[in-house]
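J.: Can you read through this structure? Questions will come right after.
The values are calculated or read from the model by the stated rules, or taken from the named source; none is laboratory data. Remember, it's a predicted structure, so these values are computed and weren't measured experimentally. Cβ atoms come from the backbone with ideal geometry, glycine included; neighbour counts cover every protein chain shown.
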Amino acid sequence: MSSVLLLAQEQAPAAPVRAEAPPVTAIWPILIVLGAACLSVLFEALLPKDLRWSFQVALTLLTIAAAGVKLITYVSDAPAAGETAMFGTLAVDRPALFLWGTLLALSLGAVLLIADRSVEPGGSFVATAAIRPGTVQDRAQVASTGMQTEVFPLTLFALGGMMTFCAANDLLTMFVALEVLSLPLYLMCGLARRRRLLSQEAAVKYFLLGAFASAFFLYGVALLYGYAGSVRLADIAEAAAGSDRSDTLLFAGMGLLVVGLLFKAAVGPFHTWTPDVYQGAPTPVTAFMAACTKVAAFGGILRVLQVALESTQWEWRGVLWGVAIVSMVIGAVLGLTQTDVKRMIAYSSVAHAGFLLIGSIAVTDKGLSSTLFYLLTYGFTTIATFGVISLVRDSSGEATHLSQWAGLAKRSPLLAGVFTFLLLALAGIPLTSGFVGKFVVFEAALSDGMGPLVVVALVASAVAAFFYLRVIVLMYFSEPAADGPTVTVPGAFTTAAITLGVIITLLLGIAPAFALDWASSGVFAIR
């Protein structure tokens with residue numbers, strides 16, 4: 001009788017397994033940002049034009065604050081090993097939480113620059129984007145006080161995409177997040193109030209090259225799916241660790257995937273969009289891209305390399321050594337030849353991307369934590385730097401040619417002093433966050449046996465320091481031109497953004513322990 005019952009139990013159909021509801025507690029910051037972005041679109045559709053700016057600014061700042069509060073309350077109770085959400089598509093672990101906090105803090109400074117309407121009367125963005133450049137209407141809108149407030153929902157959508165991108169637990173989610181963060185940036189680059197043709201050219205270049213990079217990324221995803229039979233990072237890691245399949249699909253997919261990621265991070269030689277876009281985009285958008293996009297991109301790079309491809313590091317490590325060297329050399333050498341401040345900072349970002357890649361190659365806990373800390377320090381310094389750049393102006397708008405910065409210390413000693421401090425931080429001088437960031441990254445690389453790469457990085461840092469010092473010498477030891485640019489008194493928003501960046505740059509250079517401890521508090525969840 002018992003054998004009959006046992007046979008019946010074996011033949012009976014199994015009870016259907018009920019899928020657990022995805023925990024939303026862990027992803028409240030993302031839900032808040034994306035929900036507010038949708039609400040911001042409704043504001044654009046329903047509110048009168050004269051009320052949109054104030055409502056959009058208030059909503060955007062409240063959204064960042066609310067997401068930050070939710071993040072802080074979750075961090076105190078977050079499991080040390082992390083957890084997955086949305087049916088395993090998002091991995092909410094300690095590195096993801098650090099990156100979310102960094103993105104929210106940096107986006108606060110960027111939004112303050114975007115919202116400012118005192119440096120450029122009416123704001124840095126065109127009043128009506130549909131006006132053709134060079135027309136009578138275009139010249140008239142420069143003097144208007146309105147601005148294209150669609151930039152605020154675009155900023156929130158881009159921020160939500162960045163937060164999703166660096167927490168994605170599978171490649172398909174990562175691709176969708178990549179498009180969500182990229183498409184708003186393409187539009188925002190073409191909304192400059194002045195120099196409209198340059199701005200629209202930057203937007204078109206960014207869009208076309210971004211489309212190529214997305215195609216590389218998606219083709220890499222397809223090849224890795226063909227190899228592992230899954231797009232989940234953990235499944236790809238398991239297949240790569242031990243499989244009798246041909247490695248052709250693995251390495252081809254890995255190469256295409258990494259190319260797409262390196263493009264978004266502006267790592268040389270995949271940086272060709274960076275100087276033109278940094279120069280042509282509205283300066284607040286440039287600050288947002290330079291700081292937040294780099295954080296999201298390297299968050300994705302770290303997760304792919306350390307979760308999905310860790311077991312194959314001996315195959316890709318040598319290639320990325322070469323990429324890091326090329327990026328540092330391109331950024332340091334071509335930065336010397338620039339005569340435009342924004343293009344100079346663009347090549348500086350290419351060099352810094354090479355330094356960040358060194359930390360990413362070190363597939364250790366030290367490599368992870370040092371890269372996260374570097375992203376935090378670089379982001380705040382960069383936002384403050386572009387805030388200062390927006391204040392030096394002439395009759396045609398921002399005066400970004402280096403010759404126009406001659407004698408700036410005689411016109412505004414305070415602004416020249418702040419810019420000098422920020423340039424020294426980018427150069428990695430002690431008592432600034434830039435020095436600590438480079439120190440911890442180089443230490444992690446040395447402990448992982450990458451001494452020759454660190455030597456190259458030190459030489460590149462010394463070369464790059466020259467073009468930072470050149471600007472400092474120009475500001476203090478040259479006479480200002482009689483018809484030179486003026487220094488605009490910043491409004492409250494720009495002042496707050498610059499002050500925030502300078503204070504964080506100083507604090508992380510003097511007392512970095514808290515941020516370093518948080519960055520090293522955990523590792524990626526592999527599920």
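J.: Take the conditions surrounded by 16 or more Cβ atoms within 10 Å (Cβ to Cβ), among the hydrophobic types (A, V, I, L, M, F, W, C), modelled with pLDDT under 95 and in contact with a Lys or Arg (Cβ under 6 Å, 6 or more places away or on another chain) and apply them to Trp53. Does it pass?
T.: It is false that Trp53 is surrounded by 16 or more Cβ atoms within 10 Å (Cβ to Cβ), among the hydrophobic types (A, V, I, L, M, F, W, C), modelled with pLDDT under 95 and in contact with a Lys or Arg (Cβ under 6 Å, 6 or more places away or on another chain).
J.: Can you tell me which residue is modelled with the lowest pLDDT among those in the stretch 410-443 that are closer than 14 Å to Thr488 by Cα and assigned to a helix (DSSP H, G or I)?
T.: Out of the qualifying residues, it is Arg411.
J.: Which helices (runs of 4 or more DSSP H) sit wholly inside the stretch 143-233 and have at least 2 residues that are among the charged types (D, E, K, R)?
T.: 196-228
J.: With part of a loop (DSSP other than H, G, I, E, B) and free of Cβ contacts under 8 Å to residues at least 60 places away in the same chain as the only criterion, which of Ala482, Ala525 stands out?
T.: Being part of a loop (DSSP other than H, G, I, E, B) and free of Cβ contacts under 8 Å to residues at least 60 places away in the same chain holds for just one of Ala482, Ala525, which is Ala482.
J.: Within the stretch 77-90, does at least one residue satisfy the condition of being more than 27 Å from Ala192 (Cβ to Cβ) and either free of Cβ contacts under 8 Å to residues at least 12 places away in the same chain or part of a helix (DSSP H, G or I) (or both)?
T.: yes
J.: I need the full set of residues from the stretch 362-400 which are over 23 Å from Ala110 (Cα atoms) and crowded, with 24+ Cβ neighbours inside 10 Å, in order please.
T.: Result: Ala362, Gly367, Leu368, Ser369, Ser370.
To keep it simple, each residue is scored yes or no on (1) assigned to a helix (DSSP H, G or I); (2) touching a Ser or Thr at 6+ places or on another chain (Cβ under 9 Å); (3) modelled with pLDDT under 95.
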residue	(1), (2), (3)
Ser246	no, no, yes
Phe251	yes, yes, yes
Gly255	yes, no, yes
Val267	no, yes, yes
Phe270	no, yes, yes
Asp276	yes, no, yes
Leu302	yes, yes, yes
Gln306	yes, yes, yes
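J.: Against the definition (free of Cβ contacts under 8 Å to residues at least 60 places away in the same chain, out of contact with any Pro (no Cβ under 6 Å at 6 or more places or on another chain) and hydrophobic (A, V, I, L, M, F, W, C)), how does Phe165 come out, yes or no?
T.: Judged against the criteria, Phe165 is not a match.
J.: Is it the case, given these coordinates, that Phe466 is surrounded by fewer than 23 Cβ atoms within 10 Å (Cβ to Cβ) and over 23 Å from Tyr347 (Cα atoms)?
T.: No: the conditions fail for Phe466.
J.: Would you pick out the residues in the stretch 45-61 that are in a helix (DSSP H, G or I) and without any contact (Cβ under 8 Å) to a residue 12 or more places away in the chain?
T.: Passing the criteria: Ala45, Leu46, Asp50, Leu51, Ser54, Ala58.
J.: Taking the criterion of being over 25 Å from Ile114 (Cβ atoms), in a helix (DSSP H, G or I) and without any contact (Cβ under 8 Å) to a residue 24 or more places away in the chain, would at least one residue in the stretch 362-371 satisfy it?
T.: So far as the stretch 362-371 goes, no, none of its residues is over 25 Å from Ile114 (Cβ atoms), in a helix (DSSP H, G or I) and without any contact (Cβ under 8 Å) to a residue 24 or more places away in the chain.
J.: I would also like to ask the following. Just checking, how many residues over the stretch 69-87 are touching a Pro at 6+ places or on another chain (Cβ under 9 Å), hydroxyl-bearing (Ser, Thr, Tyr) and within 26 Å of Leu108 (Cα to Cα)?
T.: 1
J.: OK, next. I need the full set of residues from the stretch 469-479 which are surrounded by 12 or more Cβ atoms within 10 Å (Cβ to Cβ) and over 16 Å from Thr400 (Cβ atoms), in order please.
T.: Within the stretch 469-479, Leu469, Ile472, Tyr476, Ser478 qualify.
So that you can scan it fast, the table gives a plain yes or no per residue for (1) within 25 Å of Thr400 (Cβ to Cβ); (2) out of contact with any strand residue (DSSP E or B) (no Cβ under 9 Å at 6 or more places or on another chain); (3) among the small types (Gly, Ala, Ser):
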| position | (1), (2), (3) |
| --- | --- |
| Gly253 | no, yes, yes |
| Val259 | no, yes, no |
| Asp276 | yes, yes, no |
| Glu310 | no, yes, no |
| Glu315 | no, yes, no |
| Gly318 | no, yes, yes |
| Val326 | no, yes, no |
| Gly331 | yes, yes, yes |
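J.: Output the qualifying pairs, or none if there are none: Cβ atoms under 8 angstrom, residues six or more apart or on different chains, first residue in the stretch 454-467 and charged (D, E, K, R), second residue buried (at least 17 other Cβ atoms within 10 Å of the Cβ) and assigned to a helix (DSSP H, G or I).
T.: Correct list of pairs: empty, since none qualify.
J.: Related question: Count, please, the residues in the stretch 185-211 that happen to be surrounded by fewer than 23 Cβ atoms within 10 Å (Cβ to Cβ), over 15 Å from Val126 (Cβ atoms) and touching a residue at least 24 places away in the same chain (Cβ under 8 Å).
T.: Matching residues across the stretch 185-211 total 4.
J.: Is it fair to say Gly82 is touching a Phe, Trp or Tyr at 6+ places or on another chain (Cβ under 9 Å), modelled with pLDDT under 90 and under 15 Å from Phe152 (Cβ atoms)?
T.: no
J.: While we're on this one: Exactly one condition in (1) of a type outside the set (A, V, I, L, M, F, W, C); (2) at pLDDT below 90; (3) within 15 Å of His352 (Cα to Cα) is not met by Glu315; state its number.
T.: (3)
J.: Also, I was wondering about something else. Filter the stretch 465-499 down to residues that are under 21 Å from the mean Cα position of the chain (by Cα) and under 16 Å from Leu426 (Cα atoms), then give me how many there are.
T.: Within the stretch 465-499, residues that are under 21 Å from the mean Cα position of the chain (by Cα) and under 16 Å from Leu426 (Cα atoms) number 1.
J.: Now for a different question. Among the residues of the stretch 1-35, what is the count of those that are assigned to a helix (DSSP H, G or I), more than 18 Å from Tyr74 (Cβ to Cβ) and either acidic (Asp, Glu) or modelled with pLDDT of 95 or more (or both)?
T.: Here the count works out to 1.
J.: Taking Leu71 as meeting all but one of (1) more than 24 Å from the chain's Cα centre (by Cα); (2) under 18 Å from Thr164 (Cβ atoms), write down the number of the exception.
T.: All conditions are met except number (1).
J.: Okay, next question. Out of curiosity, is Leu233 under 18 Å from Thr128 (Cβ atoms) and at pLDDT 90 or above?
T.: no
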